[in-house]
């Protein structure tokens, strides 16, 4: 059911944790499935220099959270806003249809953080 990439990111996420003194924090959640996500960003010159996540959720939510961090790190805020749920799903080896909402949630959390940038 889950790709090798999804299982790898679920069992050993690279970006799991909380950043000390983040510049931006984004949140998203889905009360129907119970997934709650927080993304922490460090920003320098409008570029994401560090990123971490804390996710309470299923295998797909954790894997998607880790993937969005990898895709966003090093990008400008403008480029990070362009990351789509489709990008995340493809990089993970395609999320199961019933779990695509997890990729949508993580992009919402990322966008929530970036929109707070001043």
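Using a basic spin-label model with each label point 7 Å from the Cα along Cα→Cβ, how many nm lie between residue 20 and residue 75?
2.8 nm
Using Cβ counts within 10 Å as a stand-in for footprinting exposure, how do 4, 70 rank, fewest first?
4, 70
Considering the chain as a Gaussian network with a 10 Å cut-off on Cα pairs, which listed residue, 83, 39, 25, attains the greatest mean-square fluctuation?
83
Between 99, 52, 78, find the one with the highest GNM mean-square fluctuation for the chain; connect C-alpha pairs within less than 10 Å.
Its mean-square fluctuation being the largest, the pick is 78.
Run the simple label-point estimate for residue 12 and residue 49 please: 7 Å along Cα→C-beta, distance reported in nm.
It is 2.9 nm.
So, in nm, how far is label residue 104 from label residue 84 when the simple model puts each one 7 Å beyond its Cα toward the Cβ?
Placing both labels 7 Å along Cα→Cβ, they lie 1.4 nm apart.
How large is the helix-only mean residue ellipticity at 222 nm for the chain, computed as the sum of -39500 (n - 2.57) over DSSP H runs with n ≥ 4, divided by its residue count, in deg cm²/dmol to the nearest 500?
Taking each H run of at least 4 residues, the total per residue is -12000 deg cm²/dmol.
Using a 10 Å cut-off around each Cβ, can you sort 37, 19, 24 from fewest to most neighbouring Cβ atoms?
So the ranking, lowest neighbour count to highest, is 19, 24, 37.
Quick one: 102, 58, fewest Cβ neighbours within 10 Å first, how do they rank?
58, 102
With angles folded into 0 to 90 degrees, how steeply does helix 59-72 sit against the dominant principal axis of the chain? Use alpha carbons for both and round to 10.
Once rounded, one gets 40 degrees.
Run the paramagnetic zone check for residue 115: 7 angstrom along Cα to Cβ, then residues of segment 40-72 with backbone nitrogen under 18 Å.
40-41
Taking the chain as a Gaussian network, Cα atoms linked when under 10 Å apart, which of 76, 55, 11 shows the biggest mean-square fluctuation?
Highest fluctuation of the listed residues: 11.
Taking the Cα atoms only, what angle lies between the long axis of helix 100-115 and the longest principal axis of the chain, rounded to 10 degrees?
Relative to the chain, helix 100-115 is tipped by roughly 10 degrees.
Could you compute the FRET efficiency for residue 94 and residue 30, with r as their C-beta to C-beta distance and R0 at 22 Å, rounded to 0.05?
0.65
Sorted from largest down, give the three principal axis spans of the alpha carbons of segment 4-115, whole angstrom values.
Principal axes ranked by extent give 37, 24, 24 Å for the Cα atoms.
We did not get these values from a lab; they are worked out from the coordinates using the rules stated. On a predicted model such as this, the values are computed, not experimentally measured, just so you know. Don't worry about glycine lacking a Cβ; one is built from the backbone with ideal geometry, like all the others, and counts go over all protein chains shown.
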